[in-house]
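To start, the structure itself, in structure tokens.
The values are calculated or read from the model by the stated rules, or taken from the named source; none is laboratory data. Note that this is a predicted model, so its numbers are computed, not measured. Positions of Cβ are generated from backbone atoms using ideal geometry, with glycine treated the same way; all protein chains shown enter the neighbour counts.
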Amino acid sequence: MITQSANLLRTAAKFDRPLLLTPAQDWSGWLLGKTGRALLMIITGTSVLAVLLIFVFIVREAWPFVQAHGLGEALSSTSWYPTRDPAQFGMLALVFGSVQVTFGALLLAVPAGILIAAVLSDIVPFRVRQAVKPIIEVLAAIPSVAYGFFAVAVLAPLMQEHLHLSTGTNALNSAAILAIMAVPTIVSVAEDSLSAVGRELREASYACGATRAETLLKVVIPAAHNGIIAAIVLGTMRAIGETMAVWMASGNAAQIPSPWWDLTQSVRTMTATIAGELGETPVGSMHRHSLFAVGLILLVVSLAMNLFTEYLLHRAKRTSGVHA
């Protein structure tokens, strides 16, 4: 006890800030705190303002097309021929291509990502997790054009050879490469959520006689459902907003496959259309305004997905008795 008291006294002696502040020191501390809060508020406000300005810019550029043709009319047609005379701006095939590719990617990425996250958090040794997880997270930093080149140079010939397809650049190829790109995001967020559950719940489950599988499926995963939902949403945003890889792997055919669920046919997504045509359209043309209208639809879809996710999280909190 004497030794500990002596150590505390030495530590207190090294503390250079006086216990009783002078008016100048008190004022400088108050001013520094206010300045820090103001700086953080400016940074936050700038980010929000930037998002709002982007939204306003897209709406302003898309508004001439909305006035001339209307989004309802554009979404009811599959004929996307903006350079014809007369031009046709049917966007339904583009929206369908984005939804089909994204949904196919999620069917592959979500089960694989959650399974990998569960294995890393509850099955493999800690040293293995520390070695494997950074490698998985590095995959998210690979440029999308590299993934697209892999899809065209490797996946497309494999699909043509082994699945006997007429073309390897199709919706299945795009879904597969998007799943590979989304898995690192899902694994990283979901694994952090599963690890944050803590040992107490796991040990309580084991004490009640549950096996490791029962503990993982009935205790750990339900307790981490908010983080898992967030991981799925981030993976979805990664898939639906991807441009280069989809542009290279989808085949860029503005059509709805027949039958509609066939992933072996070429499709075209909204992001690929914007990336492929925006640089070749003259400023002020209806073609350019139509591409901004496509971007507006994509922005509205992303906003709707985020709002739906917030609703699911709020509902899950109410069900579990946790008030936001």
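Can you name every residue in the range 56-78 that is without any contact (Cβ under 8 Å) to a residue 40 or more places away in the chain and farther than 12 Å from Ala293 by Cα?
Val56, Glu73, Ser76, Ser77 - these are the residues of the range 56-78 that are without any contact (Cβ under 8 Å) to a residue 40 or more places away in the chain and farther than 12 Å from Ala293 by Cα.
The conditions are (1) more than 15 Å from Phe96 (Cα to Cα); (2) loosely packed, with under 14 Cβ neighbours inside 10 Å; (3) touching a residue at least 60 places away in the same chain (Cβ under 8 Å), and Val283 fails exactly one of them. Which is it?
Of the numbered conditions (1) more than 15 Å from Phe96 (Cα to Cα); (2) loosely packed, with under 14 Cβ neighbours inside 10 Å; (3) touching a residue at least 60 places away in the same chain (Cβ under 8 Å), the odd one out for Val283 is (3).
Among the candidates Gly241, Gly251, which residue alone is out of contact with any helix residue (DSSP H, G or I) (no Cβ under 6 Å at 6 or more places or on another chain) and within 21 Å of Ile142 (Cα to Cα)?
From the options Gly241, Gly251, the qualifying one is Gly241.
Please determine whether any residue of the range 274-287 is in contact with a Leu (Cβ under 6 Å, 6 or more places away or on another chain), modelled with pLDDT of 90 or more and closer than 22 Å to Ala182 by Cβ.
Yes, the range 274-287 contains a residue that is in contact with a Leu (Cβ under 6 Å, 6 or more places away or on another chain), modelled with pLDDT of 90 or more and closer than 22 Å to Ala182 by Cβ.
Would you confirm whether or not the range 58-73 contains a residue that is assigned to a helix (DSSP H, G or I), more than 18 Å from Gln88 (Cα to Cα) and of a type in the set (Gly, Ala, Ser)?
Within the range 58-73 (the criterion being assigned to a helix (DSSP H, G or I), more than 18 Å from Gln88 (Cα to Cα) and of a type in the set (Gly, Ala, Ser)), the answer is no, since none of the residues qualifies.
Going by the structure shown, is Asn226 more than 30 Å from Arg268 (Cβ to Cβ) and touching a Leu at 6+ places or on another chain (Cβ under 7 Å)?
yes
Would you point out the residue of the range 211-260, among those that are outside any helix (DSSP H, G or I) and of a type in the set (S, T, N, Q), that is surrounded by the fewest Cβ atoms within 10 Å (Cβ to Cβ)?
Selected residue: Ser258.
Can you tell me which residues in the range 287-303 are over 14 Å from the mean Cα position of the chain (by Cα) and surrounded by fewer than 16 Cβ atoms within 10 Å (Cβ to Cβ)?
Val300
Can you tell me which of (1) over 27 Å from Met286 (Cα atoms); (2) surrounded by fewer than 16 Cβ atoms within 10 Å (Cβ to Cβ); (3) in contact with a helix residue (DSSP H, G or I) (Cβ under 8 Å, 6 or more places away or on another chain) is the one Thr46 doesn't meet?
Here Thr46 clears every test but (3).
Looking at the range 78-88, is at least one residue out of contact with any Leu (no Cβ under 9 Å at 6 or more places or on another chain), on the phi < 0 side of the Ramachandran plot and among the aliphatic types (A, V, I, L, M)?
Checked the range 78-88: at least one residue is out of contact with any Leu (no Cβ under 9 Å at 6 or more places or on another chain), on the phi < 0 side of the Ramachandran plot and among the aliphatic types (A, V, I, L, M).
Quick one: count up the residues across the range 81-107 that are over 28 Å from the mean Cα position of the chain (by Cα) and more than 12 Å from Ala293 (Cα to Cα).
8
Would you tally the residues in the range 78-127 being over 19 Å from Val189 (Cβ atoms) and of a type outside the set (D, E, K, R)?
Number of matching residues: 26.
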